[in-house]
Amino acid sequence: MEFRILFAVDKSREVYISHLSKALEKKGNICKIIDDLDIYDTSISNQKILRWTQKPKKIEKIFSQFKPDLIFTERVSHFSSLSLKFKIPLVIFLRGNYWEEVAESKNDINKSINKKIEIWTKEKIADKCFKESALILPICKYLEKIVKYRYPDKCVDVLYQGIDTSEWFTQEGMKLQHPCIGIIQDANIWKKTKELMILPEILERFPDVHFYWAGDGPFKNKILNRLEKFENFHWLGRLKYPNKVREFLSTIDIYSLFSGSDMSPHTILEAGLMKKPILATNVGGVS
């Protein structure tokens, strides 16, 4: 039976989702990948409140032209809630502990009224999506237990993150100082990012070992302010995927992930395929 599957994901995730899409197309399905934020008219694209309350004409056009039998998304967003109104089955691929992230965002006492409204609105949308979805696919068994506890009546199953092994091979091109430890980790979630604050003590104890951090995000400066004074610390910014990441993993001696909350991170899989020793915290789905 032919299925028409619409993948609505963050634009940065398209490179990963394309592999799943191609695999499903080989089974006779028809797939389409869109940016789940690319549904708004220019006039409201930067006005978050309007984005949450209006039904963009663009989404109606997408649904009427492609006629999806199923929508696969990685975010419990406004797009996801709108798809429910069209009575299209929604499958949520859950890659992180959403509720932990929400709880952390509420802890910031310096938020404006608008920010508080934003958090409350997004939480309501997310709960609706989880409750009315056809299927929730947590990325690891650790996360599966959390989802089943919160939504015991939902259909829940683990979908491990896939990886194309042919893309991970030695590729020269990056010059680093050795011995070195490589870190690929964005600074988007403070609970994860703040674990890098342990580095000053490590950098002092191992002055001859160079630490290279590849990543970026809103909490970047909080980390760099503490680390840039060390000569054996180097910030590379966000590396272009997959070529520059492949060069980086080819060159480092050890890969390390400093995180206080991770599910099944792609970089662990990639470093493993590149046959690098891995040092990571035993949290979430990492182990």
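For the chain, what is the mean residue ellipticity at 222 nm derived from helices alone (per DSSP H run of n ≥ 4: -39500 (n - 2.57); sum divided by total residues; nearest 500 deg cm²/dmol)? Present the calculation step by step, with values, prior to reporting the outcome.
Details: 12 runs with 112 residues, N = 287.
Rounded to the nearest 500, the figure is -11000 deg cm²/dmol.
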Using only the alpha carbons of region 77-159, determine the length spanned along each of the three principal axes and report them from longest to shortest in whole angstroms.
38, 32, 18
Mean-square fluctuation check for the chain, GNM, Cα pairs under 10 Å: which of Lys154, Lys128, Lys85 is largest?
Lys85
Residues whose built amide H sits under 5 Å from the amide H of Phe233, excluding neighbours closer than 5 in sequence, are Phe211
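Can you give the Rg to Rh ratio for region 61-111, taking only C-alpha atoms and Rh from Kirkwood? List each step's numbers first, then the result.
Numbers: Rg = 14.8 Å, Rh = 12.9 Å.
Ratio of gyration radius to Kirkwood radius for region 61-111: 1.14.
Which whole-number percent gives the relative contact order of region 72-138, counting Cα pairs below 8 Å spaced six or more residues apart? Intermediate results must be reported in sequence, preceding the final value.
Values: 68 pairs, mean separation 33.5, N = 67.
In percent, rounded to a whole number, it is 50.
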Which label in (i) 0.95; (ii) 0.99; (iii) 1.11 gives the computed Rg/Rh (Cα atoms, Kirkwood Rh):
(ii)
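Explain nothing, just the number: relative contact order of region 185-247, from Cα pairs under 8 Å at least 6 residues apart, as a whole percent.
On the way: 73 pairs, mean separation 24.0, N = 63.
Once divided by the residue count of region 185-247, the mean separation gives 38 percent.
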Region 209-231-region 74-113 distance, computed between alpha-carbon centres (Å):
29 Å
For Thr281 paired with Ile117, estimate the spin-label separation in nm (one decimal), with each label point 7 Å from Cα along the Cα-to-Cβ line.
3.5 nm
Set the bar at 25 Å for Cα to Cα. Now go through Lys124/Lys145; Lys175/Lys275; Lys32/Lys61; Lys128/Lys192; Lys11/Lys220; Lys57/Lys124 and name every pair that lies beyond it.
Lys128/Lys192
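According to the Cα gyration tensor, what semi-axes, each the square root of 5 times an eigenvalue, does the equivalent ellipsoid of region 186-287 have, listed from largest to smallest in whole Å? Spell out each step's value before the answer.
Values: eigenvalues 77, 55, 41 Å².
Square roots of five times the eigenvalues give 20, 17, 14 Å.
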Going by alpha carbons, how many degrees (0 to 90, nearest 10) lie between the helix axis of 113-132 and the longest principal axis of the chain?
70 degrees
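In what sequence, highest mean first, do 224-230, 245-251, 67-73 appear when ranked by Cβ atoms within 10 angstrom? Please report the intermediate quantities before stating the final value.
Values: 224-230: 13.6, 245-251: 21.3, 67-73: 19.6.
Packing proxy ranking, top to bottom: 245-251, 67-73, 224-230.
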Percent RCO, i.e. relative contact order, over the chain, from Cα pairs under 8 Å lying at least 6 residues apart
14 percent
Aspartates and glutamates within cross-link reach of Lys244: Cα-Cα under 18 Å, excluding same-chain residues under 8 positions apart?
Glu14, Asp164, Glu167, Glu172, Asp186, Asp216, Asp253, Glu270
Quick one: among Lys191, Lys57, Lys222, which has the greatest mean-square fluctuation in a GNM of the chain with alpha-carbon springs under 10 angstrom?
Lys57
Under a Gaussian network model of the chain whose springs join Cα atoms within less than 10 Å, the largest fluctuation of Thr193, Thr170, Thr267 belongs to Thr170
Quick calc: nm separation of the 7 Å Cα→Cβ label points for Asp35 and Lys141 -> 3.9 nm
Can you tell me the 0 to 90 degree angle between the C-alpha axis of helix 141-150 and the longest principal axis of the chain, rounded to 10?
40 degrees
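Taken together, the values in this text are just the output of simple stated rules run on the coordinates, not laboratory data. Note that the structure is predicted; figures quoted are calculated from it, not measured. Note that each Cβ is placed from the backbone with ideal geometry, even for glycine, and that neighbours are counted across all protein chains shown.
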